[in-house]
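Student: Once you've had a glance at the structure underneath, I'll fire off some questions.
Quick note: the coordinates plus some simple rules give every number you see, no bench work behind them. None of these values were measured; they are calculated from a predicted model. Neighbour counts run over all protein chains shown; Cβ positions are idealised from the backbone, glycine included.
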Amino acid sequence: MLYNGINVYTSVGTARAIVNECRVIETHLRLNFIKSEIQFNIGNFTIMPFETEHDAAEPLGFLIDHKDIGKLLFATDTYYIRYKFNSLKHFLIECNYSKEIVKENIKFGLNLTRVKRLLNSHFSLQNVKEFLKETDLSQCEDITLIHLSDGNSNAAQFKKEIERLTGKPVYIADKGLELEL
């Protein structure tokens with residue numbers, strides 16, 4: 001996996017994990033190291049990284065601001081967001097599984113080790129709903145749910161529940177748009 005010609009913005013922990021896992025020679029990477037709560041710019045975008053809760057090496061979420069689109073929250077591979085945000089116009093937020101669907105799948109043999117990892121590293125529908133209840137949605141234009149589990153989610157149900165809760169348009173990201181390492 002080489003990143004020649006592409007700037008990669010990442011935490012030191014994530015970069016180390018990628019290099020160790022892929023056995024990539026660091027000189028092939030154009031890495032830009034970023035830290036939680038230290039703002040940086042890429043072109044006309046202002047980005048504020050923040051810590052997320054996941055079973056990975058130094059994972060981050062992002063608050064992205066641009067004068068033409070406003071503030072966008074990007075949060076995936078997390079089971080909890082401890083920060084409060086306001087004036088957000090767009091959400092790209094993980095909604096990986098439903099506890100009820102997982103309980104049903106356990107009855108049909110879902111691996112309990114996988115269940116434990118799921119519960120300790122991904123945002124459930126219930127946690128997304130709690131997060132959105134505690135977030136100022138007055139300027140929100142849309143919410144896009146990302147990183148839905150293949151077997152532990154129901155896109156139509158999730159969309160309906162989040163729309164009912166927030167009164168905002170909700171979209172489900174195309175599975176082909178997701179990148180998983």
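Student: DSSP loop (so not H, G, I, E, B), at most 10 other Cβ within 10 Å: list which chymotrypsin sites (Phe, Trp or Tyr not before Pro) in region 36-131 pass both filters.
Tutor: Passing sites in region 36-131 are PHE108.
Student: Treating only the Cβ atoms of Lys and Arg (+1) and Asp and Glu (-1) as charged, compute the dipole magnitude of the chain about its Cα centre; round to the nearest 20 debye.
Tutor: It comes to approximately 260 debye.
Student: Could you work out the helix-only [θ] at 222 nm for the chain, with each DSSP H run of four or more residues adding -39,500 (n - 2.57) and the total divided by the number of residues, to the nearest 500 deg cm²/dmol?
Tutor: Helix contribution divided over all residues of the chain: -8000 deg cm²/dmol.
Student: Exceeding 26 Å between C-alpha atoms, which entries from my cross-link table qualify? They are LYS84/LYS107; LYS71/LYS129; LYS35/LYS133.
Tutor: The answer is LYS84/LYS107; LYS35/LYS133.
Student: What do you get for GluC sites (Glu not before Pro) in region 97-164 restricted to DSSP loop and a cutoff of at most 14 other Cβ within 10 Å of the site's Cβ?
Tutor: GLU134, GLU141
Student: Could you tell me which of PHE40, LEU112, SER149 has its Cα farthest along the dipole of the chain towards the positive end, charges placed at Cβ (Lys, Arg +1; Asp, Glu -1), taken about the Cα centre?
Tutor: The residue sitting farthest along the positive end of the dipole is LEU112.
Student: For ILE6 and ASN111 in one chain, what is 0.36 nm times their gap in residues minus the Cα-Cα distance, to one decimal in nm?
Tutor: 34.0 nm
Student: Separate question: Take every DSSP beta bridge with both residues inside the chain and express the antiparallel ones as a percent of the total, to the nearest 5.
Tutor: Bridges in the chain that DSSP calls antiparallel: roughly 45 percent.
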